[in-house]
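Please read the structure below before turning to the comments.
The values are calculated or read from the model by the stated rules, or taken from the named source; none is laboratory data. All figures in this text were calculated on a predicted structure; none of them were measured in a lab. Don't worry about glycine lacking a Cβ; one is built from the backbone with ideal geometry, like all the others, and counts go over all protein chains shown. Remember, those area values only see protein heavy atoms, side chains included, never the ligands or the DNA or RNA. Shrake-Rupley method; radii C 1.70, N 1.55, O 1.52, S 1.80 Å.
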Amino acid sequence: MTIRNSLLAFVRPLFLAGLCLGLVAQPAQAVDLSLKSIRVGNLARAYFSERSGQGAPQPLIIALHGSGSSGSQLARATGLTEIAEAAGYMVAYPNGTGLTIDARTWNSGGCCGYAQIHKVDDVAFILTLIDKLASDGLADRSRVYLVGLSNGGMLAYRLAAEAPELFKGVAVVSAVLDVPPETVKTGVPVLHIHGSDDPFIPFLGGIGAKEASQVPRLSVAKTIDAWVKANGADPKPSVSDIPDVAGDGTTVRQYTYHSKNDPQVVVLYEVKGGGHNWPGGTTPMPNGGKASQNLDASRAIVEFFNRHGGGRKDDGAADGDLPPGAAPPKPEAAVPTLPAKPAP
């Protein structure tokens, strides 16, 4: 066996274990996160967070990495911590499980790798983590949000479907439902970001061109439809477009679904020409296709959560970042223009 074939024999099982890969490139910037652990059943589970015990409980974002990655890599690749902390959130980055540090996965239902094969109870892990952070006085139990990339996004959707009463909002990038759509019975505000040319989790569903497992995935449209119905939203969205201002060959179409009480209860960003990547991230996945810079996913996610009860509570105090006497800026309301539906 040649050296090249030996390397392929070693690498391929790791790749198969991480069915829906996330961002695995080396980080381009440092984030000050400390590694902690909690026991869930017979397992010691790890997570990264940056908060000490000082101050009032903050709204909490649980950020779930893609398979083949880690919580710290997700933080460094996306810049989510810096944006979320500035808006008043605490962010925790749990780690999945796997035989090696670069093959961690989540059990999101039908995917992925080690966690799914060994039936790891990742739902229990995340719920236990939320309970601990709230019990320690760090997180506001009434304002918890989920973020997930790829396999992590699938787990975020599973959590929101199985325990919707615990979450004020969920945002996923490059993921679809990995549990049956009928599992989604209670509405939760949803932000979904997905590349039209995703080679791992196709926008239109089916088997991705680079998906090693050859497992067909649900389409983005069917995923969104489940959340639109559960939220009692109008199935006819409004649409607006973001042009290719970055000059990277991608554009972004925003579909906004409104319900009686929420003008943006479900929002879909279709990144036209985009791949299996976090738009606006610093370390795109090498074989994931184009990583659009026409959308800052981290900022869009935090702004979406702000519209759904997140961020700092308005207690009438002056904003130290504004000039004396200045009124705080009002959040901009999206004014979509044309009715449209995402591709079936």
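What percentage of the solvent-accessible surface of the stretch 105-194, computed with a 1.4 Å probe over protein heavy atoms, is contributed by carbon and sulfur atoms?
Looking at the stretch 105-194 in its full context, I get 50 percent from C and S.
List the trypsin sites (Lys or Arg not before Pro) within the stretch 46-142 that fall in a DSSP loop (any state other than H, G, I, E or B) and whose Cβ has at most 10 other Cβ atoms within 10 Å. Don't jump to the answer; show the numbers that get you there.
Values: sites: ARG51, ARG76, ARG104, LYS119, LYS132, ARG141; in loops: ARG51, ARG104, LYS119.
Listed in order of number, the matching sites are LYS119.
Quick check: from the Cα gyration tensor, does the stretch 182-313 come out rounded (a/c under 1.5), prolate or oblate? Let's see the in-between values first.
Working: a/c = 1.89, a/b = 1.26, b/c = 1.50.
The shape class here is oblate.
State the Cα centre-to-centre distance between the stretch 226-263 and the stretch 154-223 in whole Å.
One Cα centre to the other: 16 Å.
Could you size up the charge dipole of the stretch 50-149 around its Cα centre, putting +1 on the beta carbon of Lys and Arg and -1 on that of Asp and Glu, and report it in debye to the nearest 20? Don't skip to the end; give the middle numbers.
On the way: 7 positive and 9 negative charges, 22 e Å.
Taking the Cα centre of the stretch 50-149 as origin, the dipole is about 100 debye.
Please report, in debye to the nearest 20, how large the charge dipole of the stretch 184-242 is about its Cα centre when each Lys and Arg carries +1 at its beta carbon and each Asp and Glu carries -1 there. Before the final figure, lay out each step's value.
Working: 6 positive and 6 negative charges, 54 e Å.
Once rounded to the nearest 20, the dipole reads 260 debye.
Keeping to pairs on different chains or 8 or more places apart, tell me how many lysine pairs in the stretch 140-249 have Cα atoms under 25 Å apart.
Here the count comes out as 9.
Using the Cα centre of the stretch 59-157 as origin and beta-carbon charges of +1 (Lys, Arg) and -1 (Asp, Glu), tell me which of LEU155, GLY88, THR128 is placed farthest towards the positive end of the dipole.
LEU155
Amide H to amide H under 5 Å from LYS272: which residues, 5+ apart in sequence or cross-chain, H placed 1.01 Å off N in plane?
Sorted by chain and number, the residues that satisfy this are SER196, THR251, VAL252, ARG253.
Among DSSP beta bridges whose residues both lie in the stretch 117-276, state the antiparallel percentage, nearest 5. Don't jump to the answer; show the numbers that get you there.
Details: 13 of 28 bridges.
If I count the DSSP bridges inside the stretch 117-276, around 45 percent turn out antiparallel.
How large is the dipole of the stretch 80-134 about the Cα centre if only Lys and Arg carry +1 and Asp and Glu carry -1, each at its Cβ, rounded to the nearest 20 debye?
On the way: 3 positive and 6 negative charges, 38 e Å.
For this selection, approximately 180 debye.
Write down the Kirkwood hydrodynamic radius of the stretch 28-178, to one decimal in angstroms, obtained as one divided by the mean of 1/r over all alpha carbon pairs. Kindly include the intermediate steps, with their values, before the conclusion.
Details: mean 1/r = 0.0663 Å⁻¹.
For the stretch 28-178, the Kirkwood estimate is 15.1 Å.
Using DSSP to define loop residues, name the trypsin sites (Lys or Arg not before Pro) in the stretch 230-275 whose beta-carbon has at most 16 other beta-carbon atoms within 10 Å. Spell out each step's value before the answer.
Working: sites: ARG253, LYS260, LYS272; in loops: LYS260.
Those satisfying the criteria are LYS260.
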